[in-house]
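The values are calculated or read from the model by the stated rules, or taken from the named source; none is laboratory data. Every value quoted in this text rests on a predicted model; they were computed, and no experiment measured them. Please note: Cβ atoms are built from the backbone with ideal geometry, for glycine as well, and neighbour counts cover all protein chains shown. To get the accessible areas, we keep the full protein, side chains included, count just its heavy atoms, and leave off ligands, DNA and RNA. Shrake-Rupley method; radii C 1.70, N 1.55, O 1.52, S 1.80 Å.
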Amino acid sequence: MEAAAGIGVWVLAARPRTLTAAVVPVVVGTAVAAAGGGMRLVPALAALLSAICIQIGTNLANDYHDFQRGADTHERVGPRRVTQSGLIAPRTVRAAALGAFGAAAVLGAYLAVVGGWPILVTGVLSILAGWLYTGGPWPFGYHGLGDAFVFVFFGLVATAGTVYVQMHSVPPAGWIAAVPVGALATAILVVNNLRDIATDAKAGKRTLAVRLGRGATRVEYLALLAVAFAAPFALLPFARGWVLLPLAALPLAIPPLRLVLRAEGAALNEALGATARLQLAYGALLAAGLLL
């Protein structure tokens, strides 16, 4: 009989370091709505909880599917995966993933009532994308499309969707602000995939990093940071000068960039956490800049 996993194991499975990718777009989108005089607290909180559930569901689904497809083995150099390490049975991880997506769907039903059919379509596509990232007959994370998935769903869709559910429209500032949010979320994935190039290639997981190689993947990371720190200038026609506040996060970009340009394998775990912290700081500063 399977022993119940402790709370610490489930926290490990949820991968809390990645949750910035769910929180930041909602915070920035809510700041855009507030700046436009359209903030609605309850829809904003529902959007936040829904985004977190989708992120956790995606993490659990990846844990399960990567193990089933042989991408997670004893050679893995990233943080521990609960399915591969035997901490939680595969069927339990799968059920937990579906439960997280189910919770997101319940919250999404409320958001669809508030925001109408665009939010309904957005929510359904987001949940499907979370499962199909590594699941289904043609997992796009295994075919080099993971970077595009993260940029679109954890940048454009999550940020603009948060604005829309509160304002029933998305002003130009909302779309522009979504770009750096998506760029930094994608940068987190780039570090993850750069670290795992050797094991992913061996398992047949053809991420964009595997297809491009280490050199081009490092250039991609640098380009994503450049896009993120250029974006505030594009917001100037639509907001006050305070919108340049995210530039204060630039020093936080230097340590992970140095690691990405020089390190390989397990040494990149530090860059992964540092990039997540960079996204969180950048998002907080961008939200503040939009509100001031």
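Let me know the charge dipole size of segment 10-156 about its Cα centre in debye, to the nearest 20, where only the beta-carbon of Lys, Arg (+1) and Asp, Glu (-1) is charged. Working shown, then result.
Numbers: 9 positive and 5 negative charges, 47 e Å.
That gives segment 10-156 a dipole magnitude of about 220 debye.
Share of segment 1-135's accessible area from carbon and sulfur, percent, 1.4 Å?
Working: 4300 of 6080 Å².
C and S atoms contribute 71 percent here.
Ignoring solvent entirely, what values of log10 I(q)/I(0) come out of the Debye formula for segment 84-217 at 0.16 Å⁻¹ when each Cα is a single scatterer?
Scattering profile of segment 84-217, log10 relative to I(0): -0.94.
Roughly how big is the chain's charge dipole about its Cα centre, with Cβ charges of +1 (Lys, Arg) and -1 (Asp, Glu), in debye to the nearest 20?
Numbers: 20 positive and 11 negative charges, 51 e Å.
Dipole of the chain, to the nearest 20 debye: 240 debye.
Suppose the Debye formula is applied to equal point scatterers at every Cα of segment 1-157; what is log10 I(q)/I(0) at q = 0.16 Å⁻¹?
Normalising to I(0) and taking log10 leaves -0.91.
If you take the square roots of the eigenvalues of the alpha-carbon gyration tensor of segment 179-263 and sort them as a ≥ b ≥ c, do you get rounded (a/c under 1.5), prolate (a/b over b/c) or oblate?
prolate
Quick check: from the Cα gyration tensor, does the chain come out rounded (a/c under 1.5), prolate or oblate?
oblate
About its Cα centre, how strong a charge dipole does segment 148-292 have in debye, to the nearest 20, once Lys and Arg get +1 and Asp and Glu get -1 at the Cβ?
260 debye
Compute the acute angle (0 to 90°) between the alpha-carbon long axis of helix 172-195 and the principal axis of greatest extent of the alpha-carbon atoms of the chain; round to the nearest 10°.
Its long axis makes an angle of about 20 degrees.
Any idea which of LEU194, ALA231, VAL210 is furthest toward the positive side of the dipole for segment 187-254, if Lys and Arg beta-carbons carry +1 and Asp and Glu beta-carbons -1?
VAL210
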